[in-house]
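The values are calculated or read from the model by the stated rules, or taken from the named source; none is laboratory data. All figures in this text were calculated on a predicted structure; none of them were measured in a lab. For neighbour counting, all protein chains shown are included, and Cβ atoms are generated from backbone atoms with ideal geometry for every residue, glycine included.
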Amino acid sequence: MTKVTPKLLKFDDFIARYGDDERYELIDGELIDMEPTGPHEEVAAFLMRKVNVEIDKKSVRWFTPARCLIKPLGILTGFRPDVIVLDKTALVKEPLWQNEPVITLGTSVKLVIEVVSTNWQNDYARKVEDYSTLGIPEYWIVDYLGLGGRDYIGDPKQPTISIYTLSASGNKYQKPVQFRDNDRIISPTFNSLQLTAEEIFVSAQP
């Protein structure tokens, strides 16, 4: 029997076929179903609303696009973050932005938030590596169901928010700071944010 290797999907083909479908992203040529649920979307919407309030407070030219893809190095990957904060003044350097909502430079990004679903391995492993390599300064993993592996969120597993920031060298994330229960979220990007982990987790409840 001859083994048939599935054809890898390139980023340009992914954009053409699935660019407007927020359910999918691309990792190493493989189409990934992000499997969003209603509560997942509630958490993402809650966080986007809170972030936009903080942007207004800072009076900066930042914004949170409704749709956006992050394209790391290579032609076989495209991440679709749940929340992303972009610096409008930096977009002039983005080669694809005028035609497609695609970000290729970490300098255009102030913050990325991923809300964990069943594909939690991508958020905790692959995206940590690629976002740090791009130089994205701050990355949140919001695991409101405590789905991540024990190596990432501890034992016993519980709802956890992990915030990664770049090391002094600027190309690798430091060990994440984690928040649970009534811990107040500490964000280097939004240092006046008044929000606890529990308030985020409750946003997913009926």
Can you work out which of the residues in segment 119-136 that are part of a loop (DSSP other than H, G, I, E, B) and surrounded by fewer than 20 Cβ atoms within 10 Å (Cβ to Cβ) is modelled with the lowest pLDDT?
-> ASN119
Of (1) touching a residue at least 40 places away in the same chain (Cβ under 8 Å); (2) more than 27 Å from VAL202 (Cα to Cα), VAL92 fails just (1)
Is it fair to say GLY154 is of a type in the set (Gly, Ala, Ser), free of Cβ contacts under 8 Å to residues at least 40 places away in the same chain and over 19 Å from THR64 (Cα atoms)?
-> yes
Selection count, segment 40-68, where residues are crowded, with 17+ Cβ neighbours inside 10 Å, among the hydrophobic types (A, V, I, L, M, F, W, C) and over 17 Å from ILE141 (Cα atoms) | 3
Checked PRO188, PRO156, PRO101 against criteria (surrounded by fewer than 21 Cβ atoms within 10 Å (Cβ to Cβ) and touching a Cys at 6+ places or on another chain (Cβ under 7 Å)); the one match is PRO101
Tell me, please, whether a residue that is surrounded by fewer than 21 Cβ atoms within 10 Å (Cβ to Cβ), in contact with an Asp or Glu (Cβ under 9 Å, 6 or more places away or on another chain) and aromatic (Phe, Trp, Tyr) can be found in segment 21-39.
-> yes
May I ask you to list the residues in segment 150-173 that are hydrophobic (A, V, I, L, M, F, W, C), within 23 Å of THR107 (Cβ to Cβ) and within 20 Å of the chain's Cα centre (by Cα)?
-> ILE163, LEU166
Can ILE84 be described as free of Cβ contacts under 8 Å to residues at least 40 places away in the same chain and buried (at least 19 other Cβ atoms within 10 Å of the Cβ)?
-> yes
State whether the residues of segment 142-160 include one that is in contact with a strand residue (DSSP E or B) (Cβ under 6 Å, 6 or more places away or on another chain) and closer than 30 Å to VAL92 by Cβ.
-> no
The listed residue being assigned to a loop (DSSP other than H, G, I, E, B) and at pLDDT 95 or above, out of PRO36, PRO81 | PRO81
Please go through segment 117-151 and pick out each residue that is touching a helix residue (DSSP H, G or I) at 6+ places or on another chain (Cβ under 9 Å) and among the β-branched types (Val, Ile, Thr).
-> THR133, ILE136, ILE141, VAL142
